[in-house]
Amino acid sequence: MEIVVCVKQVPDTETRIKIDPAGKGIVREGIEYVVNPYDEFAIEEALVLKEKHGGKVTVITAGPDRAVDALRTALAMGADEAIHIQASQEDAVDSIGAAEVMARALKEIPFDIILCGKQAVDDDNAAFAPALAEFLGLPHVTVVTGLEVDPEAGEAQVVREIEGAQEHITTSLPAVIAAQKGLNEPRYPALRGIMQAKRKKIPVSTLADLGLEGETLPARTEVLSMMPPPPREGGEKYEGEPEETVARLIKALQAEKLV
Amino acid sequence: MAEKFDGIVVGAGPAGIAAALRMAGAGMKVAVIERGEYPGSKNVMGGILYRQPTEELVPRFYEEAPLERPITESRLWLMGDGNVVSIGCRAAAFAEEPHNAYSVLRAKFDQWFASKAVEKGALVLCETVVRDCLTEGDRVVGIRTDRPQGELLADVVVLADGVNSLLARELDMREEIRPDRVAQAVKEVISLPPGKIEDRFNIERGEGVSIEAIGDATRGLVGTAWIYTNRDSISIGVGGLLEGVGHRRLRPNDLIEHFKGLPPVRRLIEGGKTEEYLAHLIPEGGYRSLPRLVGKGVMVVGDAAMLVNGLHREGSNMAMISGKFAGEAAVEAWKRGDFSRRSLEAYVDKLKDSFIIKDLKKYSRALPFFERNPHFFRLYPGLVGRAVAEFLTVDGVPKREKQARIFDILYERGRWNLYRDLYNAWRVLR
Ligand SMILES: Cc1cc2nc3c(=O)[nH]c(=O)nc-3n(C[C@H](O)[C@H](O)[C@H](O)COP(=O)(O)OP(=O)(O)OC[C@H]3O[C@@H](n4cnc5c(N)ncnc54)[C@H](O)[C@@H]3O)c2cc1C
């Protein structure tokens, strides 16, 4: 089976994000990047499929130089091949553009199934999987928590999460599957895997190679402004002797009807 | 079958990377294992990096390394009884390239330093903890990590795993940490706009200040507090002997909050935002607590070997140079194909011939002396402040009488005690 996983590198979820002075993007300096957590479920599922049905797992990303680290993480977990499409994406929050690029790249390689995360935790668009499927003319299932593939029949049984229930779906293959938390437990890469990943040569292609112009992922949207959430109110501080401050505190709590 | 390397380094701090640079640079096949997310992610340093030792590893590093500010002025503050006596030095040479020292943020610097070892061909593996050394009899032959299929073999293992070095302890090369031989340090990075920093510290863009403070700065503990200017932040910290911290039931956090609250400090950091807070140990045992530095197929470097000169806040330089020596000894052993203990002893010989062991020996009596005589930190900084203040107070008192008053202040512990203290301090420091 030819299994493809699309991954995205995103700021570490523990990063404290700062808005840049222009107010249209974030300050990139000092940010640590990780593989989008939902993509990790997709990678793990691809490895499980390979272990069950044989075949090959190829991971692919479109992003700047640093994005190659996301590919190495996937290789360390056990993916066989990686493809890096060089593209800056610093200010793009446009999943459609990313999907278009990815669709062009995927036309060049064979695949039986395409996996990705249900959304990237940086822009939270959740539009990439459906858009990719649309560009490729394939069916897609999103928010997936269960997957059984029957390569002979060219079909997959998919479980997806919906409000308060589960949906069981049969889809023909190839299809685009977008992973949700709960699909599996991503593995801790073995030392040998990490070393092999470090040494692997990863082919790079440019947007021009894919017949696109420019160096940035094509965008159909534009960020007008970005704002941090309003800061939390400072609260109140009572100073003085305990007898007095406690009495004031109790009064304040009663006034708010909290006690 | 586990993969075999010529050399494995545990820990990607300054010591470990220096060793890896030397080994990989000579063509050895080297792996560095680091438990942090990336080199530097777990490392704490108040942040002064010295140029000369760093250049021994990467010549002209200052042209490309992520440095904060050159240190163009150093100040010493004696604090007590609400007074501060400040002694400063702005040496002409400090202001010129190549500078004597720089402030750095380790999270950035270590990552860059490690990238130099990668350029030389070393394999740096992060987010991987070394659990123990693999041994055959009394020879170290590799390491075991916390990862699946996590064993690696090597002719020589360099332990650069920092002050706690569990690995050196497991090999019985080192004793348990003693509270009277390590300092508890707490550090914060506080962000401030560059313009504010330059105004408050009276410097230009591209200049930096280091301040060392004793006395009330550490609440009289044997130790120091410090403030270093970064580009758009300030590193501030306090370190005191763990024993003193424990005796007086001080929490590390109380120490730094006390220092930050002192008026001269408060003004420098006002309006800044705390970005990071870290607590860490600093080995201060010096010469007396040196571990066994080599064994069959193994060497211990940097903080793991307790190579720190606390009095002069030199740690990263000793770490780098000890790592360099160990790396060189490993390369010679590799060329001879002999990794026996005797072969690796070359590392110890190099250390002994260098400033590292010489300085640690020179100061070996200093720490126990100051521990026995805590008034050097608790009382004298305050006395100096009061004496200088008296001297500067114009109040109609004739100068001869003034002089007598000043001596009265300085003789608070008794005239002979003062002379004896000064003589003894001179003896342990000379
Ligand atoms: C608050 C503070 C301020 C300081 N200020 C200065 C200063 O201004 N100037 C100066 O020169 N020195 C200073 N020092 C001292 C200096 O930081 C140290 O001497 C220096 O970092 C020692 O380098 P090292 O490589 O030996 O150890 P470290 O820098 O501690 O590096 C050890 C590395 O090993 C890794 N590690 C540990 N165990 C394992 C394991 N089992 N498996 C894998 N990896 C492991 C750790 O994650 C770490 O990255 C300061 C120290 C402190 C605590």
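Numbers at a glance
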quantity: Filter result (open to solvent by 70 Å² or more (accessible area, probe 1.4 Å), out of contact with any helix residue (DSSP H, G or I) (no Cβ under 8 Å at 6 or more places or on another chain) and under 30 Å from B:P59 (Cβ atoms)) within the stretch B:77-104; calculated: B:R90, B:A92, B:E96
quantity: Where a residue in the stretch B:103-114 is assigned to a loop (DSSP other than H, G, I, E, B) and its partner, wherever it lies, is polar (S, T, N, Q) and open to solvent by less than 30 Å² (accessible area, probe 1.4 Å), with Cβ under 7 Å and at least six apart; calculated: B:L105/B:N230
quantity: Test: residue in the stretch B:62-81 that is part of a helix (DSSP H, G or I) and assigned by TED's automatic domain parsing to the domain that holds B:T128; calculated: yes
quantity: Given (1) of a type outside the set (V, I, T); (2) under 23 Å from A:I85 (Cα atoms); (3) touching a helix residue (DSSP H, G or I) at 6+ places or on another chain (Cβ under 9 Å), number of the condition A:D124 does not satisfy; calculated: (3)
quantity: Tally, over the stretch B:280-304, of residues that are over 26 Å from B:V428 (Cβ atoms), assigned to a loop (DSSP other than H, G, I, E, B) and within 14 Å of the ligand (Cβ to nearest atom); calculated: 1
quantity: Among (1) part of a strand (DSSP E or B); (2) surrounded by fewer than 22 Cβ atoms within 10 Å (Cβ to Cβ); (3) over 26 Å from the mean Cα position of the chain (by Cα) - the single one B:I143 does not satisfy; calculated: (2)
quantity: Options B:G27, B:G7: the member that is more than 9 Å from the ligand (Cβ to nearest atom), open to solvent by 30 Å² or more (accessible area, probe 1.4 Å) and away from chain A (no Cβ under 14 Å); calculated: B:G27
quantity: Residue that is under 30 Å from B:G150 (Cβ atoms) and surrounded by 15 or more Cβ atoms within 10 Å (Cβ to Cβ), where the choices are A:P203, A:P189, A:P151, A:P174; calculated: A:P189
quantity: Breaking point among (1) surrounded by 15 or more Cβ atoms within 10 Å (Cβ to Cβ); (2) touching a residue at least 24 places away in the same chain (Cβ under 8 Å), for B:K361; calculated: (1)
quantity: Hits in the stretch A:158-194 - residues which are in a strand (DSSP E or B), polar (S, T, N, Q) and farther than 19 Å from A:G55 by Cα; calculated: A:Q166, A:T170, A:T171
quantity: Evaluation of B:E176 against (1) open to solvent by 30 Å² or more (accessible area, probe 1.4 Å); (2) within 14 Å of chain A (Cβ to nearest Cβ) (one fails), failing number; calculated: (2)
quantity: Output for the stretch B:30-55, where each listed residue is in a loop (DSSP other than H, G, I, E, B), near the ligand (Cβ under 6 Å from one of its atoms) and not acidic (D, E); calculated: B:R35, B:G36, B:K42, B:N43, B:V44, B:M45, B:G46, B:G47
quantity: Test: residue in the stretch B:201-214 that is within 30 Å of B:H247 (Cβ to Cβ), more than 14 Å from chain A (Cβ to nearest Cβ), more than 16 Å from the ligand (Cβ to nearest atom) and not hydrophobic (A, V, I, L, M, F, W, C); calculated: no
quantity: Which listed residue, of B:R386, B:R336, B:R372, is within 25 Å of the chain's Cα centre (by Cα) and either within 13 Å of the ligand (Cβ to nearest atom) or surrounded by fewer than 24 Cβ atoms within 10 Å (Cβ to Cβ) (or both); calculated: B:R372
quantity: Condition check for B:G315: at pLDDT 95 or above and within 13 Å of the ligand (Cβ to nearest atom); calculated: no
quantity: Residue match in the stretch B:263-275 (condition: open to solvent by 40 Å² or more (accessible area, probe 1.4 Å), at positive phi and without any contact (Cβ under 8 Å) to a residue 60 or more places away in the chain); calculated: no
quantity: Subset of the stretch B:160-184 [among the charged types (D, E, K, R) and away from the ligand (no atom under 11 Å from the Cβ)]; calculated: B:R169, B:D172, B:R174, B:E175, B:E176, B:R178, B:D180, B:R181
quantity: Residue match in the stretch B:253-276 (condition: more than 14 Å from chain A (Cβ to nearest Cβ) and either within 17 Å of B:A168 (Cβ to Cβ) or within 10 Å of the ligand (Cβ to nearest atom) (or both)); calculated: no
quantity: Set B:V140, B:V189, B:V182, B:V157: member being within 14 Å of another protein chain (Cβ to nearest Cβ) and on the phi < 0 side of the Ramachandran plot; calculated: B:V189
quantity: Residue pairs meeting the criteria (Cβ under 6 Å; at least 6 apart or on separate chains; first part of a loop (DSSP other than H, G, I, E, B), in the stretch A:203-220; second among the polar types (S, T, N, Q) and open to solvent by 40 Å² or more (accessible area, probe 1.4 Å)); calculated: A:E215/A:S88
quantity: The listed residue being charged (D, E, K, R) and over 14 Å from B:H280 (Cα atoms), out of B:E176, B:E188; calculated: B:E176
quantity: Residues of the stretch B:105-121 that turn out to be within 14 Å of another protein chain (Cβ to nearest Cβ), open to solvent by 30 Å² or more (accessible area, probe 1.4 Å) and touching a helix residue (DSSP H, G or I) at 6+ places or on another chain (Cβ under 8 Å), as a count; calculated: 1
quantity: Residue check, B:G414 open to solvent by less than 30 Å² (accessible area, probe 1.4 Å) and at positive phi; calculated: yes
quantity: Condition broken by A:I114, with the remaining ones in (1) part of a helix (DSSP H, G or I); (2) more than 24 Å from B:C126 (Cα to Cα); (3) of a type in the set (V, I, T); (4) at pLDDT 95 or above satisfied; calculated: (1)
quantity: Among residues of the stretch B:122-137, those that are within 14 Å of chain A (Cβ to nearest Cβ) and farther than 23 Å from A:R66 by Cα, counted; calculated: 4
quantity: Close pairs from the stretch B:379-407: first over 17 Å from B:I87 (Cα atoms), partner among the small types (G, A, S) and at pLDDT below 90, Cβ under 7 Å, at least 6 apart; calculated: B:I406/B:A387
quantity: Meets criteria (surrounded by 15 or more Cβ atoms within 10 Å (Cβ to Cβ) and either within 20 Å of the chain's Cα centre (by Cα) or within 14 Å of chain B (Cβ to nearest Cβ) (or both)) for A:G146; calculated: yes
quantity: Per-region count, the stretch B:127-159, residues more than 21 Å from B:R341 (Cβ to Cβ), more than 9 Å from the ligand (Cβ to nearest atom) and either hydrophobic (A, V, I, L, M, F, W, C) or outside the structural domain of B:G13 (by TED's automatic domain parsing) (or both); calculated: 1
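Condition check ((1) under 22 Å from the mean Cα position of the chain (by Cα); (2) within 14 Å of chain B (Cβ to nearest Cβ)) across all residues:
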site	(1), (2)
A:A197	yes, yes
A:P203	yes, no
A:P218	yes, no
A:M227	no, no
A:P242	no, no
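The values are calculated or read from the model by the stated rules, or taken from the named source; none is laboratory data. Treat the numbers as computed from the prediction; the structure is a model and nothing was measured. Neighbour counts are summed over all protein chains in view; Cβ atoms, including those assigned to glycine, are modelled from backbone coordinates with ideal geometry. These area figures cover heavy atoms from the full protein model, side chains too; ligands, DNA and RNA do not enter into them. Shrake-Rupley method; radii C 1.70, N 1.55, O 1.52, S 1.80 Å.
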